[in-house]
Amino acid sequence: MPPLEGTVRGLVETALADADPDGPLRWHVISELWQRADLESFVEARRLCEAGTVKERLLGVDVMGMLRPFADRALPVLRRLAASEDDPMLLYSALIAFGHLADPRALPSVIALAGHADARVRYGAAYALQHVLGDPPDQAGLDALRTLAADGDADVAAWAALGVALAMGEDV
């Protein structure tokens, strides 16, 4: 897709108009905001994270997780959402955002969601854990990954097993 033009708010409106939460237009907008990685994009993502609809909050989380230069400001927002939301897709996206930001300060939030009833959320935790374990790897995080490696959902178990192997420096 060609680059999108317009204001950050205009790009956000374009993404919100996409009926498919995994739609190419929505993710193209997220990519554009990631490339900008400016304060205006972060402020808009933070505003969305506080919005009244899950669709808006989900977009805010997805954008925020791509803005690594703003990790110090993004982590408190994402941690609050991870502790207060109950929508599985939003929790999943928050976990993926933690993984993208790769900041060990997210570890308590990720561990707290690793035992969630919804397999999508546990999958997100399995993804995030390997990125937020720290160096050397945090023992509680490794224990959570090992627990997820024995998960009843095959995708969760496989992703967590990969995370354990990577954390332990094993060849995969």
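The values are calculated or read from the model by the stated rules, or taken from the named source; none is laboratory data. These numbers come from a predicted model, not from an experiment. Glycine gets a Cβ as well: all are built from the backbone with ideal geometry, and neighbour counts include every protein chain shown. We work out accessible area using only protein heavy atoms, side chains counted, and drop any ligands, DNA or RNA first. Shrake-Rupley method; radii C 1.70, N 1.55, O 1.52, S 1.80 Å.
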Which of (1) open to solvent by less than 50 Å² (accessible area, probe 1.4 Å); (2) at pLDDT below 95; (3) over 23 Å from V121 (Cα atoms); (4) out of contact with any Pro (no Cβ under 6 Å at 6 or more places or on another chain) does I30 not meet, given it meets every other one? (3)
Going through region 132-158 one residue at a time, which ones are open to solvent by less than 30 Å² (accessible area, probe 1.4 Å) and in a helix (DSSP H, G or I)? V132, G141, L142, A144, L145, L148, V156, A157
If the requirement is being in a helix (DSSP H, G or I), open to solvent by 70 Å² or more (accessible area, probe 1.4 Å) and modelled with pLDDT of 95 or more, which of these qualifies: A117, A83, A106, A161? A83
Could you give every pair whose Cβ atoms fall below 9 Å, whose first residue belongs to region 13-29 and is on the phi < 0 side of the Ramachandran plot, and whose second residue is basic (K, R) and assigned to a helix (DSSP H, G or I), counting only separations of at least 6 or pairs across chains? T14/R26; A15/R26; L16/R26; L16/K55; A17/R26; D18/R26; D20/R26; P21/K55
The one condition in (1) touching a Cys at 6+ places or on another chain (Cβ under 6 Å); (2) surrounded by fewer than 20 Cβ atoms within 10 Å (Cβ to Cβ) that R57 fails to fulfil: (2)
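If I ask for residues that are under 15 Å from I96 (Cα atoms) and in contact with a Leu (Cβ under 6 Å, 6 or more places away or on another chain), which ones from region 123-144 would you list? It would help to see each step written out before you state the result.
Residues of region 123-144 that are under 15 Å from I96 (Cα atoms), as a first pass: 123-133.
Passing the criteria: G124, A125, A126, A128, L129, Q130, V132.
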In region 27-61, what count of residues is obtained for those that are β-branched (V, I, T) and within 14 Å of the chain's Cα centre (by Cα)? 2
With respect to D62, determine if the residue is exposed (fewer than 13 other Cβ atoms within 10 Å of the Cβ), out of contact with any strand residue (DSSP E or B) (no Cβ under 9 Å at 6 or more places or on another chain), closer than 29 Å to I111 by Cα and not aliphatic (A, V, I, L, M). no
Regarding region 34-43, can at least one residue be identified that is surrounded by fewer than 17 Cβ atoms within 10 Å (Cβ to Cβ), basic (K, R) and part of a helix (DSSP H, G or I)? yes
